[in-house]
Amino acid sequence: MRRVWVLFLLFAGVLALSGCGSAPPTAINDVCSVFSQRSGLLRNWYADARRAERRYGIPVHVIMATVRAESGFKGSARPPRRKLLGIVPWKRKSSAYGYSQALNGTWDQYKRETRRFRARRGNFADSVDFVGWYHAKTVQKYGTSPHDAFTLYLGYRYGWTGLRRGSWRNDAGAVRSASRTANFAQTYAMQLRNCR
């Protein structure tokens, strides 16, 4: 009987931990706080982001600023549904999903090229690896600096073809989002110097 209680308590503890981990971290403008909230036995977001930095050469602060801008660190984030006749929930405007807001096609390309076939967009480690991979391809294709969060974000939002064509130039919202992301990256870089 005692063994059953021990197993029950362990199971309940695992459920409680998984429930806590599903909510986004608080104080998302402070990367030190984000990392401290997600540094436990089962997950360590800082280690995940550093692994992506080492693999692709994209700094942690740029990766984290991109995730901040895309999903606000929500693992189940997706675009809102459109409304049919103004009231009936309809299709979403894109297939973006997860921390990275990766689209289906780009996510499939990432899995093929990296051979990470079990990667999931709702998994933080997989998502930051994706962001690092995507930004590294932008650096490789266009000679962008790995520290240029503004241009990297524009490439992320508009895709490589849109970046090359300069499609973003007529989109004030895209420029504002890229500027915000660059500001997040700069702030995160300063914060990371003090929280390691």
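The values are calculated or read from the model by the stated rules, or taken from the named source; none is laboratory data. Everything quoted here is computed from the prediction, not taken from an experiment. A quick note on method: Cβ atoms are made from the backbone with ideal geometry, for glycine too, and the neighbour counts reach across all protein chains shown. All accessible areas refer to the heavy atoms of the entire protein, side chains included, with ligands and DNA or RNA removed. Shrake-Rupley method; radii C 1.70, N 1.55, O 1.52, S 1.80 Å.
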For the stretch 113-142 and the stretch 143-196, distance of Cα centres in Å: 16 Å
Highest to lowest packing among 167-174, 48-55, 178-185, scored as the average C-beta count within 10 Å: 178-185, 48-55, 167-174
Gain in span if fully extended, residue 29 to residue 147, counting 0.36 nm per residue against the direct Cα distance: 40.6 nm
Neighbourhood net charge (12 Å Cβ-Cβ; Lys/Arg +1, Asp/Glu -1) for residue 155: +4
Long-range HN-HN contacts of residue 102 with modeled amide H, under 5 Å: 97
Per residue value of the accessible surface for the stretch 90-196 (all protein chains in place, 1.4 Å probe), Å²: 54 Å²
Length added when fully stretched, residue 195-residue 140, from 0.36 nm per residue minus Cα-Cα: 16.7 nm
Carbon and sulfur %, accessible surface of the stretch 95-160 computed with the full protein complex present, 1.4 Å: 44 percent
For the stretch 65-74, Karplus couplings with θ = phi - 60° (6.51, -1.76, 1.60), whole Hz, Gly/Pro x: 5, 5, 5, 4, 5, 6, 10, x, 6, 9
In nm, spacing of pseudo-spin labels at residue 160 and residue 179 (7 Å Cα→C-beta vector): 2.9 nm
For peptides 135-144, 67-76, sequence by mean Cβ density within 10 Å, most packed first: 67-76, 135-144
The stretch 144-196: C-alpha gyration tensor shape, a/c 1.5 cut-off, then a/b vs b/c: prolate
